[in-house]
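We did not get these values from a lab; they are worked out from the coordinates using the rules stated. The structure presented is a predicted model; accordingly, all values stated were derived computationally and were not measured. Reconstructed Cβ throughout: ideal geometry from the backbone, glycine too, with neighbour counts over all protein chains shown.
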Amino acid sequence: MLKVDNLSYAYSDKYLFENLGFHLDIKTIIKISGSNGSGKSTFLKNIAGILKNYEGNIYFKDENIKDMSFPNIFYTGHRNGFKNNLTIKENLNNDLRARDLNLNNVKKYFSSFGCDISFSSLLGNYSEGQKKKVLLSLLAASQADLYVLDEPFSNLDAKGIDYLNNVFEKKINDGSSIIFTSHENQGQKFKEINIDDYKNE
């Protein structure tokens, strides 16, 4: 599924991490941990093909990620990427991750995450936790080979955490894989890679 080979990334000649390598099989979840500023978010952007000025190689389904135009990867950063001055429906209509989705399939997950949200309401009317649940409802409705998620458990209440764990389980059972970062207690153990282990101080 995913092979990371001797990956290194530097800002202004200072390496965030060096010679990071692992293999991610299908139906696998990996949590990326590390101290603040260690490069976790940068690493996820490398995997998602957003930041390509790294050293080493990343192979997705046996193809170099740099050579792929539209890999079937669902990526979300630690910010939701939505606009507060648009309605929830407008935000989803403008989101490339929703381009092949029936939005009613997204909406049905709102209640599963424990929130009462209207498609016609401005996103800015809702709390950060509710905005996160809109994003995670989009994730739940999507179909991707790989999910690359930066802090998906942040701003979630206990019900949201429980349901996101259920979504993770369903994605794995459907044949996807997941890489995520988190500072939160997810309520269960995942295979973990600490990015601090790949620093050359």
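Select from segment 118-136 the residues that are charged (D, E, K, R), more than 15 Å from Tyr163 (Cα to Cα) and surrounded by 15 or more Cβ atoms within 10 Å (Cβ to Cβ) and list them in ascending order.
Across segment 118-136, the qualifying residue is only Lys131.
Among Tyr163, Tyr198, Tyr126, which is the only one that is over 29 Å from Lys89 (Cβ atoms) and hydroxyl-bearing (Ser, Thr, Tyr)?
Tyr198
Give the residues of segment 58-85 that are part of a loop (DSSP other than H, G, I, E, B), hydrophobic (A, V, I, L, M, F, W, C) and without any contact (Cβ under 8 Å) to a residue 24 or more places away in the chain, sorted by residue number.
Across segment 58-85, the qualifying residues are Met68, Phe70.
Of the residues in segment 137-192, how many are touching a strand residue (DSSP E or B) at 6+ places or on another chain (Cβ under 7 Å), crowded, with 19+ Cβ neighbours inside 10 Å and of a type outside the set (S, T, N, Q)?
Residues meeting the conditions: 13.
Which number in (1) more than 30 Å from Asp25 (Cβ to Cβ); (2) crowded, with 20+ Cβ neighbours inside 10 Å; (3) under 19 Å from the mean Cα position of the chain (by Cα) marks the one condition that Cys115 misses?
It is condition (3) that Cys115 fails.
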